[in-house]
Structure formats: structure tokens, C-alpha cells
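Just below is one structure, and these are the notes that go with it.
The values are calculated or read from the model by the stated rules, or taken from the named source; none is laboratory data. None of these values were measured; they are calculated from a predicted model. Cβ atoms come from the backbone with ideal geometry, glycine included; neighbour counts cover every protein chain shown. Ligands, DNA and RNA are stripped out before the accessible areas are found, and what is left, the full protein with its side chains, is counted by its heavy atoms. Shrake-Rupley method; radii C 1.70, N 1.55, O 1.52, S 1.80 Å.
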Amino acid sequence: MGPLAAIAGGILVFRFVPFGQAEILGAICGFLLLGVIAFWRGARVLAGACCLLGLFFAGAFDARVHAPGAPPEIDATGREVVIVEGCVVEPPAISMERERFLLELDRNARAQVTLYLKPGQTLPALRYGQKIELDAKVRVPRNFGNPGAFDYRRFLARQDIYWTASAAAGDVRVLPGRCGSWFQKAVMDLRAAALARIDQLYPGDTYQSGMMQAILIGQSFQLQRVWTEEYRSTGTFHALVISGTHVAVLAAFFLFLLRICFVPESVALLVTVLAAWLYAVVTGWQAPCVRSAAGLTLFMIAGYFYRERRIMNLLAAVALGFLLLDPDQLFDASFQLTFLAVGFLGAFAAPAIAATSGPLASGLRELADKGRDLHVEPRAAQFRIEMRLLAETLRVPAWVVTTPARVLFFVYEIVLTSAVVQLGLALPMVVYFHRLGFSGLSANAFVVPLMGLVVPVGFLAIFTGWGWIARIAGAILWASQKVVWYHAGLEPNWRIPTPPVWLGVALAGALIAAAIWRARWTVPPVAVLLVLLLWHPFAADTRAGQLELTAIDVGQGDSLLVVFPDGKRMLMDGGGIPAFGRIAHSQLDIGEDVVAPYLWDRGIRTVDIVALSHAHEDHSGGLAALITDFHPREVWTGVTPESKEWTAVRDKAVAMGAKIVPLHAPAKFAFGGATIEVLAPSLNYVPVDTPKNNDSLVLRASFGQRTFLLSGDIERGVEQEMLWADAVRPTDVLKVPHHGSRTSSTELFVAALHPAFAVISAGFENSYGHPHPTVVERFQAHHAAILRTDQDGLITVRTDGKRMAVETFAGMFGKR
């Protein structure tokens, strides 16, 4: 493990300290020479230290060699339609009225294309190797500009995907000729055939079809978030996605079949390894499958040369090989979770099983053979004698008493390994997902075996095409779902903010010490640090005595965090992605996946108020998840006509015990050490049947000499009404109405406000053209400093009542 740690350390340090090539090579040669001299002089400890330092710089050199170059570019903006030509290199995935596939425009330069249906159109039946052209809007993937945001752009670039494209299904034209490789075509045809077979086996059942495609083939495009949320909350989601467990289960099943067919062990193991690699290819070379296939290969090679198969050595060898080929994997959550899980199993679970149930379970073999008692451990021999006596006393065959014992040992080992993995992965689970499934200890004891059955039975159904086998796989999946739903009802909705760096380093060090020494004195430090991690008794990143307005980058939508001088927090709107009548909604929940990670990154665990400006989906779509995650005491609203968007927010607020407080103008009250005024909607405002922009709740927050105006999406009619009511006066910070649309921010309104800062929340290269150039020019004419989330990312304005300070994500971290 030492060489692996040294090389991984070099890769990690190079991410922050970009050494020059000459410096790295000089260090490698220098430490190699020192190591040779020290070894020659008999100083083995010094020689080992020099060797590790040389490997450290070798890791840095590897990272430098594999550093990505400049990404390819297309001369097009996200708003214009361009003709794109390329090769289909991944079979399309279809979900309701959408189709998604990969189009290779040039070598190692791909676009992820999504086709949408228009009335009268059908989705084209595309296949690997077809040349096509289409009229599409092409965009460069863009991360949300918030601290703690997922690096989606890097995630796609690691798959050679540098653009996303959207087009109508009727705008695709198949060109003559073929492209791609014959081998990849054979693989993709096999994959497409497997997916088609799953659809045939589960006709009209989108749930079972989508789940089986994800579990067996790794095709998750059809997975609906509502299907998987309980799996996420209970810590069993790993059973749904392609992972090393799937390869292990299939390998064990395949090996068992070959052995009962009297195939020699060495041949059976070789065929099993080849099958594992074939599975990795069919699933699209997904990293967990490739890692597991590589580990299985090393396992076979070690057995062939009669070497002892040690988990930690295999783990280190596989990890080292992958890091040398692709050092950037070190920063992938999947890589870290995979190897940490196996590492904790090898370091803690395997020794614990060997010291407790392992010898007893192995002692149950051939119980009737008394001569075998002499060749097992004393306690296992005693256990064998006691089990034989029990069978003789009950006058039953030996298997009647050994079978329940085997089941108990199996459950014990599943629970033990689950507990070890859950506790060992607590830190990365909190850092990446801000959750830890407390019910996972018992849930995994049932879900893992059930999913272990689904995988081989499901593949057997695919190969045979027999419906009755598919129904058995579906019944097992149904049982797994019931177990998960039951545990989800027990699971507390406990989300955990990002821990301080010192706590993460201390916990990692304590776990390493426990793995090395395995002494009792290592238990208390680990326990204390785990309690601190889960409890998180640390203050949130807020400034006492200041009023803060933060416009969170949620794309085309609004989400504002207001922190009041006494520390109270209000979240106004939660962003969202409008469906515009489409059947299939985006699986991205802006509240859960964008807003919440930023708040957790700041150490915020609760908010006092959630405010809904109006019930359009780009403002309300993420609020249900945010109410669940942050437990507000009250939900402030303006006018809320009945709609599915408002119903979702209202129902969640009622379920979480939050009080719904309607606000109307004119109103003024003290809150959080500041003064809040309600400027709209007025009591005489008459809403229509559906949510409109003018329903917006407009609030003015004042602290000392400074004021912030939060204007929602009001348009010129409400702006005029506010002017007539003499409610508009100069303000320091204006959240610009309706994302800078030309239907808002009229000349009289802007002149009356005369803001020092105009904050515009809008999506990058959005299709609405927000903010409109005339609105931008209007604010510039009034000498307002314009801040835009599409250009600056997250925007924060703070004031102590006199002075103001402005920070942006682009200013702090550079352009996205």
C-alpha cells in the first residue's frame, strides 16, 4: 500500500502545485540515487523513505504527462441553430418523448445529443456507426457557479464529451456510409439487443423496464428520480447502478455453473474472467465494471502462480494500474468509494469475520465426517461436535441444523460488512452526498442478496427470452423495493453539511491508524470524530451584524439567500426547470442538486423562512426539496393560484410542519434585526386561474442606511401600481425583476429606484434572450453596477448598515 499512497500523494499535490517537468525528473533521479546509496550502505529505512519520495514525484510526473489539453471548440453560441454532422457512437436511449445518444464530431470530440418530439414526429431508430446530420442548438456544458457545485463539465470531458446539443426529432438526416469500428459495432449491437430484449420482456411497464436496464446494462436514462429516492435515502442506491458488486455476483454465478458442469477450475476461472470483461464492454466500459474485471483478472493470475490472494495487495495493484493510466481518476467519487469500500472490507470486515463467524461457518462443511474435526480450529471443532449432538438429539439429518446456522452466519456477515462500509465511507458520503443512510445496516442485509439474485436471473431472462424468468426477476425487484420503502419510512431526514477540513483529515488519519494497529486505543478517537461528523456542531458561515443577499446561480430561474444581522436565514425561491408541457421532466432537481449543496457547503443546516415569490416552475420547482432538507418554521407567500407547482410546495410545507404565512402590501415588520416591507401583491390584486409573473411577492429589507429590494418576476403593471402607491424609493441593491426581461424594469421604475447594484439571475445563453439589451442599457444609463449570475456565477452583497461589500464566484474562483 505504501507505493500506492506515495503515487496518489504525488498526483494530489500536483493538482495544487504544478511542478515543472525538469523539477520532477530531477527529484526522481535524485531520490533514486540517494535510495541506491542508502541501500548499499545498509540504511534500509532511509532507502525506503527515498524510494517512497521518488514514487511521490513519479506520481506528479504521471499527472503532468496526462494533464488534459485545451478542449476543442465550435464556432457557435447556444442560441443559434447550426448543422452538425458526425458518427453515432452510442446507441440511443429513449425515455418517453426524448431520445439521447452520443455523436462523435471528430476524434475524441463528442456531443451529447437530446432529441425532442414535436407533434406528428417519431423518434428515429438510430444505430451505432451511422453518419447523420441534424439542425441543433449546441452548447458548451457549463457548471453552476456556486461553491460546492458538481463539476459537470469535467465529468463529461472525461468521456470526451465537450458539447450538449438539442434538436427536434424531425431534424435528423441519415447520411450514406458507415463509421466507427467493427468491434465497437458488435459490442453496441449486443448492448442494443439486450436493451430491446428487456423492453420486450416488460412491455408497457416503464418502471420495471427502466430499473432492469439500469441494474443489468447500466442504462439509466429511463430512471425516474421518484423511483430511486428511497434507495438514496437508505444507502442502498449502489444496488441499482452498475458496480463491482454486479461483476462479483455474475462471476460467482458463472463460476458455479461451470463447476457443476465439471469444467476444470483453471478453465472455469479463465472463462469467468473473459465473461467479466465482456460484461464491462457491454455496459459501456463503466469504470466500476472495468476495475472489478481487472481485480478478478489479477485474482486469477495470482492463483495460477500459486500466490496467496490477499485483498489489500490486489486492491493496491488494481488502483495503482488505473492511476498510472489515468491519474485524474483519483478525484472521482466513484473511484474513491470503490477502493475505500474494498479497503475497509479487507482491513476491518475480513479480519472480524475471520475472528468470529468464519471458522464456525467453514466448520459446518461435511459435518458427518468426524475425521475432519482434527483439521479445523479448536473452537470450530467444538462447534462441529455440538451441531452433530444437536442433530442426533433432534433425530434429524445434519443439514436441518446446519442450514439455519449458515443463514444466521450469512446475515451476520452481511450486516457486519454493511456496517464496516457504512462507517468507513461516512466521510466521503457526507462530503459528496451530505447524507448517511442510518437504516442501511439492515436494509443492505436484505437488498444486497435480493439484487444479487436479480442480476443473474435478469441476465438469464435476457439470454433465453422466457417471460416466466423475467417475471421472477421482476418479483425479486418488487421485494427489494418493498424492503427499501419500509426502511425509508424509518429513515430520519438528516442531511449533514460539509465538515471542516481539519475534521476530515483527523478522521481519515484515525481510520488509517485503526487499520494499521487494530488496537483498542484506536476506537475512541474514531468514535468521537464520527460523532462530530454526524452531529456537525459547527457554526454556519455567516457574518454576525450584517445583512446579506446572495443570488445563487440556478441557471434560468431565481433562488436568493438572505441572512439577517441576528443570524436568521431566509431562502426566497428555489429555482427549477420548466417542463413546457413535456411529458418527461428533467431529472435534475435544482433545489436538491444545486441550491442545497451550496448551503451545505457553507455549513447551513436549517433556514428559518422559505419564501415563494410566485408559483412558476423556475422559482418554485426546487422548493419542495429545500423545505424537506432545511426544515423552515414558516413559508411566506404572496398570491398563489391553484396549480401543481403550488400544490407541491404547500403539501411539503404541511408535511414538514411549516406554517404558511400569506403576505400582502402594505405591511411592515421587524425581522432578524432588520426591517421588512411588503410592497406587492396588494390586497386589491385579483389573480387569474394560473400563476402569473405579477403574482410575485415583493419584499424590501432595510438595515441601517442600506436597502435590498427583492422583486420576483413583476412586470410593468405591478411596477406602475407600486409607483402610484408611492412604495418605490431609492435602493442600494435591486434583484432585477423577471431576469432582465423587457416586460419589466421600465424607465420610471428604474429611475425611481436608482440602484447602486442591479443583480440579474439568468441562465447562460438562455433561449429567452435574458437580460434584454435595452434593460441592460437602461441600468447602465442610471449608473448601476450590473451583476449577472450567467456571467459572474453566485453573487453576494453584504452590508453592516453603512458600507457594502460584493463578492462573485467568478471573482473568487475564476470563470467556469
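Filtered by the rule that a residue be in a helix (DSSP H, G or I), within 15 Å of A354 (Cα to Cα) and touching a residue at least 12 places away in the same chain (Cβ under 8 Å), segment 371-380 gives R379, A380. Since L734 meets every condition but one in (1) surrounded by fewer than 20 Cβ atoms within 10 Å (Cβ to Cβ); (2) touching a Pro at 6+ places or on another chain (Cβ under 9 Å); (3) hydrophobic (A, V, I, L, M, F, W, C), which condition does it not meet? In the conditions (1) surrounded by fewer than 20 Cβ atoms within 10 Å (Cβ to Cβ); (2) touching a Pro at 6+ places or on another chain (Cβ under 9 Å); (3) hydrophobic (A, V, I, L, M, F, W, C), L734 misses (1) alone. No other residue among F708, F669 is in contact with a strand residue (DSSP E or B) (Cβ under 9 Å, 6 or more places away or on another chain) and free of Cβ contacts under 8 Å to residues at least 24 places away in the same chain apart from F669. If the condition is being without any contact (Cβ under 8 Å) to a residue 60 or more places away in the chain and either open to solvent by 30 Å² or more (accessible area, probe 1.4 Å) or among the β-branched types (V, I, T) (or both), then segment 275-287 contributes A275, W277, L278, W285, A287. Take the conditions (1) closer than 21 Å to A701 by Cβ; (2) in contact (Cβ under 8 Å) with a residue 12 or more places away in the chain; T746 misses just one of them, which is (1). Look through segment 619-648, keep the residues that are over 27 Å from D541 (Cβ atoms) and assigned to a helix (DSSP H, G or I), and return whichever of them is least open to solvent (accessible area, probe 1.4 Å). The selected residue is W646.
Anything in segment 75-97 that is under 18 Å from Y128 (Cα atoms) and not β-branched (V, I, T)? List them, or say none. So that I can check it myself, show each step before the final result.
Applying the first criterion (under 18 Å from Y128 (Cα atoms)) to segment 75-97 yields 84-94.
Selection gives E85, G86, C87, E90, P91, P92, A93.
When S243 is tested against the conditions (1) modelled with pLDDT of 75 or more; (2) closer than 30 Å to V430 by Cβ; (3) among the polar types (S, T, N, Q); (4) crowded, with 20+ Cβ neighbours inside 10 Å, the lone failure is (1). With respect to the conditions (1) modelled with pLDDT of 80 or more; (2) surrounded by fewer than 18 Cβ atoms within 10 Å (Cβ to Cβ); (3) among the β-branched types (V, I, T), V290 lacks only one, and its number is (2).
Residue by residue, here is whether (1) small (G, A, S); (2) at pLDDT below 95 holds:
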site	(1), (2)
P578	no, yes
I583	no, yes
A596	yes, no
V610	no, no
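Checking the stated criteria, S586 turns out not to satisfy the condition of being open to solvent by 10 Å² or more (accessible area, probe 1.4 Å) and touching a residue at least 40 places away in the same chain (Cβ under 8 Å).
Among the criteria (1) at pLDDT below 85; (2) open to solvent by 50 Å² or more (accessible area, probe 1.4 Å), the one P71 does not fulfil is (1). Please tell me if T808 is under 18 Å from A701 (Cβ atoms) and under 29 Å from the mean Cα position of the chain (by Cα). Criteria not met by T808.
The test for being open to solvent by less than 40 Å² (accessible area, probe 1.4 Å) and either assigned to a loop (DSSP other than H, G, I, E, B) or polar (S, T, N, Q) (or both) does not hold for Q184.
A count restricted to segment 670-706 and to residues that are among the hydroxyl-bearing types (S, T, Y) and either within 26 Å of P565 (Cα to Cα) or crowded, with 20+ Cβ neighbours inside 10 Å (or both) stands at 3. Among residues of segment 344-369 that are farther than 30 Å from L427 by Cβ and of a type in the set (A, V, I, L, M, F, W, C), none has a beta-carbon under 8 Å from a residue that is assigned to a loop (DSSP other than H, G, I, E, B) and open to solvent by less than 50 Å² (accessible area, probe 1.4 Å) at least six positions away or on a different chain.
The set of residues in segment 755-772 being modelled with pLDDT of 95 or more and open to solvent by 20 Å² or more (accessible area, probe 1.4 Å) consists of A756, F757, H772.
When segment 516-553 is filtered for residues that are closer than 30 Å to P492 by Cβ, touching a Lys or Arg at 6+ places or on another chain (Cβ under 8 Å) and open to solvent by 30 Å² or more (accessible area, probe 1.4 Å), the ones remaining, listed by number, are D541, T542. Residue check: is I472 open to solvent by less than 70 Å² (accessible area, probe 1.4 Å) and at pLDDT 85 or above? In short, no.
Of the residues making up segment 691-730, those that are in contact with a helix residue (DSSP H, G or I) (Cβ under 9 Å, 6 or more places away or on another chain) and assigned to a strand (DSSP E or B) are V698, L709.
Taking every residue in segment 124-146 that is at positive phi and pairing it with any residue that is part of a strand (DSSP E or B) and open to solvent by less than 70 Å² (accessible area, probe 1.4 Å), at least 6 positions away or on another chain, the pairs with Cβ-Cβ distances below 9 Å are G129/C87; G129/V88; G129/V89. The listed residues are A194, A109, and the only one of them that is within 29 Å of the chain's Cα centre (by Cα) and within 30 Å of T789 (Cβ to Cβ) turns out to be A109.
T272 falls short on exactly one of the conditions (1) among the polar types (S, T, N, Q); (2) more than 26 Å from the chain's Cα centre (by Cα); (3) open to solvent by 60 Å² or more (accessible area, probe 1.4 Å), and that condition is (3).
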